[in-house]
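Let me begin by presenting the structure, written as structure tokens, before commenting on it.
Read-outs throughout are calculated quantities, based only on the coordinates presented, and are distinct from any laboratory measurement. As the structure is a computational prediction, the values presented were derived from the model and not from experiment. Please note: Cβ atoms are built from the backbone with ideal geometry, for glycine as well, and neighbour counts cover all protein chains shown.
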Amino acid sequence: DIIESYNSYIAAHPNDITVRIEACKFLTRAMDNEVVEFDSVEALFNIIRDELVEKFPDHYEVILFRSTDVETDSAIALLEEYLRKYPDIVSKSSYWDFFEQLARLYSYQEQPYNSIHYGVIAERLNDTLDITMLLAEQCANAGDKKTAIAYLKKFKDRKRTYSEYLDRGELLF
């Protein structure tokens, strides 16, 4: 029923990228569910994803979504290529999530300087974004403990979960 709702909406609104991406995300979660038949859900996911990529190959949200659907090296290459193709996105505040994704991907690749570079851009473009833990970890990995501590103290008044306080405390220690 949910998939049919997505399909109906997409048929009526063929240029709605967000709904196509949300349908793919829903199907990804459904593939993790042991109750549904994996092969049929995967086939449907592939159809919706392939249409999305074919119809909107250069849209930043599609590139960003695709970066979550491939291996880390391929995702970095995809995002970096898009950045080379459209360098002006660095100045557009609505693209902060693009740079956050690059920061996270580079952190997985243990490339702290690249991770910090893109994380700082992401935070500059979205002043409500809090990836200070990521930035602090990357600074610590790069051997810059002073900056890591400064990041850990940033937004210290912001309410956090117990595990976030614990993670921050362990890294600070």
Legend entry - Among (1) among the polar types (S, T, N, Q); (2) loosely packed, with under 14 Cβ neighbours inside 10 Å; (3) touching a Leu at 6+ places or on another chain (Cβ under 9 Å), the one test that Ser74 misses: (3)
Inset, instruction - Name every residue in the range 93-117 that is of a type in the set (Phe, Trp, Tyr), under 25 Å from Lys159 (Cα atoms) and surrounded by fewer than 21 Cβ atoms within 10 Å (Cβ to Cβ), in order of residue number. - result: Trp96
Legend entry - Among (1) closer than 25 Å to Leu102 by Cβ; (2) surrounded by fewer than 17 Cβ atoms within 10 Å (Cβ to Cβ), the one test that Asp16 misses: (1)
Inset, instruction - Could you run through the range 1-46 and say how many residues are in a loop (DSSP other than H, G, I, E, B) and closer than 21 Å to Glu61 by Cβ? - result: 4
